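Notes follow once the structure below has been shown.
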Protein chains: 2
Amino acid sequence: MSIADRKEREKEEMRRNILSAALGLFREKGYDGVSIRNIADAIEYSPATIYLYFRDKNEIFAALQYEAAGVMRDHFLPLLQIENPWERLIDFGRRYMDFGLKYSDLYDLIFIIRAPMEHVENQECWALGMTTHQFFTQTVQTCVDARYFKSTDTEAIAYTLWAYVHGVVALFVRDRMRMYPPEKREELARKSFAMFTKMIEVL
Amino acid sequence: MSIADRKEREKEEMRRNILSAALGLFREKGYDGVSIRNIADAIEYSPATIYLYFRDKNEIFAALQYEAAGVMRDHFLPLLQIENPWERLIDFGRRYMDFGLKYSDLYDLIFIIRAPMEHVENQECWALGMTTHQFFTQTVQTCVDARYFKSTDTEAIAYTLWAYVHGVVALFVRDRMRMYPPEKREELARKSFAMFTKMIEVL
DNA sequence: AAATTTTTTAAACAGTGTTTATTATTGAAG
DNA sequence: CTTCAATAATAAACACTGTTTAAAAAATTT
């Protein structure tokens with residue numbers, strides 16, 4: 001079965017080859033700015049070849065989204081070391097913003113871009129994202145249990161916190177902070193985050 | 001000068017004709033889903049004609065963005081009747097969310113979509129958006145002056161509030177609330193908003 | 001070495017934004 | 001009223017897009 005194994009390996013290599021080229025192009029030109037022919041040129045194959053490894057452009061996108069979700073999850077891994085739930089929650093927010101501001105293109109891919117999302121492939125991505133989301137919800141729940149919040153509505157609290165950090169990142173990523181000078185934008189976001197953490201102490 | 005006036009009027013009519021067709025198509029198919037040929041078909045002219053009234057597709061987009069900004073501003077007009085700054089601020093948030101959840105396509109156009117934004121045309125839109133933004137900042141400033149907040153950093157407060165409501169709307173508009181059942185999403189957003197207003201009382 | 005299966009691609013199809021040269025239509029002048 | 005210039009509209013083309021298909025090339029099995 002060695003030859004079949006090798007073929008399988010080569011198939012996987014080709015998929016990774018396509019994906020890494022696609023991700024590179026995507027990060028510099030945006031989803032709509034990248035064509036199948038661009039990707040084909042980058043990997044020095046014909047455009048038709050790509051369709052032997054991915055059903056369509058959306059499936060490539062879905063795979064990239066999955067990759068991005070993995071990078072983001074890894075970004076949260078250090079949180080497992082933090083035992084105090086409140087500290088972990090605050091650091092969760094900090095790391096969320098860090099990721100969004102630093103890897104804007106990946107964040108965009110995961111949380112902003114309009115895209116298939118109905119793809120079979122994306123169910124893996126969805127599952128990956130859900131584990132992160134559940135880890136977050138669980139952290140909030142622990143805080144609720146430990147009476148860090150006045151309210152006991154874990155769902156509403158978690159959603160409120162998420163909405164805020166997403167808002168901060170989304171405004172930044174999609175360039176809606178033009179009324180603030182470029183060099184002050186990130187600073188403002190971080191100052192706001194500090195303010196927000198103070199403010200949820202009494203939630 | 002009557003004939004030149006009529007020509008000018010007709011030119012303006014044609015622009016409006018194109019824009020209203022474009023807006024209709026845009027609202028049902030999204031920006032990328034609408035082609036110049038689609039618009040041309042809708043108004044029963046040739047595609048090339050459109051280029052006599054708009055430089056390119058981005059300029060049409062910019063004009064639509066300006067329209068949307070106008071609709072949004074109108075949505076905030078009743079706020080002028082509210083004298084108490086705190087009440088006005090809370091209603092500002094409520095109306096912001098209302099607009100975003102109700103006219104998702106317009107909100108998307110203004111605050112999410114990647115688009116020219118460097119266009120000459122858009123400077124008008126920008127100016128329009130800025131008046132709304134300044135009205136908001138001013139309301140926050142009045143609240144700060146009246147000691148409704150502990151902090152006196154008006155800029156940071158305003159940004160924090162904006163980020164939150166944008167986050168709520170953006171997650172909804174771009175369909176990132178799939179972990180919540182469809183019929184509960186808006187309810188959760190509103191419950192969160194109530195929670196948020198309670199929480200900023202001590203900001 | 002021949003036959004079969006797998007992998008790759010050239011070419012085509014219908015669509016896109018945009019430009020250009022040509023045709024209609026309109027307004028003014030003789 | 002007819003001619004002439006200016007304006008408005010368009011057909012056709014260009015280079016691009018995602019995707020499919022049939023033919024060619026390469027690798028594997030017989």
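The values are calculated or read from the model by the stated rules, or taken from the named source; none is laboratory data. The structure presented is a predicted model; accordingly, all values stated were derived computationally and were not measured. Cβ placement follows ideal geometry from the backbone for every residue including glycine, while neighbour counts extend to all protein chains displayed. In case anyone asks, the SASA skips ligands and DNA or RNA and just uses the protein heavy atoms, side chains included. Shrake-Rupley method; radii C 1.70, N 1.55, O 1.52, S 1.80 Å.
Have a look at A:Ser35, A:Ser46, A:Ser104 and tell me which one the Gaussian network model of chain A (Cα, springs below 10 Å) gives the largest fluctuation.
Ranking A:Ser35, A:Ser46, A:Ser104 by mean-square fluctuation puts A:Ser46 first.
Where is the GNM fluctuation largest for chain B (alpha-carbon springs, 10 angstrom cutoff): B:Glu59, B:Glu186, B:Glu155?
B:Glu155
Using each residue's phi in region A:4-13, evaluate 6.51 cos²θ - 1.76 cosθ + 1.60 at θ = phi - 60° and report the 3J(HN,Hα) Karplus result to the nearest Hz, with x for Gly and Pro.
Per residue, the Karplus-derived 3J(HN,Hα) values read 5, 4, 4, 4, 4, 5, 5, 4, 5, 4 Hz.
Write down Rg/Rh for region B:1-54, rounded to two decimals, with Rg from the C-alpha atoms and Rh from the Kirkwood relation over Cα pairs.
Taking Rg over the Kirkwood Rh, I get 1.07.
What does the accessible area of A:Glu183 come to, in Å² to the nearest 10, when a probe of 1.4 Å is used?
Its heavy atoms expose roughly 140 Å² to the probe.
Tell me which of B:Ala40, B:Gly70, B:Met97 sits at the most positive position along the dipole axis of the protein assembly as shown, charges placed on C-beta atoms (Lys, Arg +1; Asp, Glu -1).
Most positive-ward Cα: B:Met97.
Whenever you get a sec, line up B:Trp126, A:Trp86 from highest to lowest accessible area (probe 1.4 Å, protein heavy atoms).
Sorted by accessible area, descending: B:Trp126, A:Trp86.
Let me have the relative contact order for region B:1-54, percent, based on Cα pairs under 8 Å that are six or more residues apart.
32 percent
Counting Lys and Arg as +1 and Asp and Glu as -1, what is the net charge of the other residues whose Cβ lies under 9 Å from the Cβ of A:Gly30?
Taking every Cβ under 9 Å from that of A:Gly30, the sum is -1.
Under the Kirkwood approximation for Rh and a Cα-based Rg, what ratio Rg/Rh is obtained for the protein assembly as shown?
When Rh is taken as the Kirkwood radius, the ratio is 1.01.
From largest to smallest, what semi-axes in whole angstrom does chain B give when each is the square root of 5 times an eigenvalue of its alpha carbon gyration tensor?
With the √(5λ) rule applied to chain B, the semi-axes are 37, 21, 13 Å.
Defining the label point at 7 Å along Cα→Cβ, can you sort the distances from A:Val71 to the same site in each other copy, shortest first, in nm?
3.5
Taking the Cα centre of each part, how many Å lie between region B:63-78 and region A:164-203?
24 Å
Greater than 24 Å separation of Cα atoms is the criterion. Which listed pairs, A:Lys184/B:Lys191; B:Lys11/B:Lys57; B:Lys150/B:Lys198; A:Lys198/B:Lys198; A:Lys184/B:Lys102; B:Lys150/B:Lys184, meet it?
A:Lys184/B:Lys191; A:Lys184/B:Lys102; B:Lys150/B:Lys184
Residue of A with Cβ nearest the axis relating A to B, plus distance in whole Å?
Output: A:Gly167, 1.
From the label point of B:Asp41, set 7 Å from Cα along Cα→Cβ, how far away are the matching label points in the other copies, in nm, ordered shortest to longest?
Relative to the other copies, B:Asp41 has label-point distances of 3.0 nm.
Under a 1.4 angstrom probe, counting protein chains only, how are B:Arg147, B:Arg6 ranked by accessible area, largest first?
The ranking, largest first, comes out as B:Arg147, B:Arg6.
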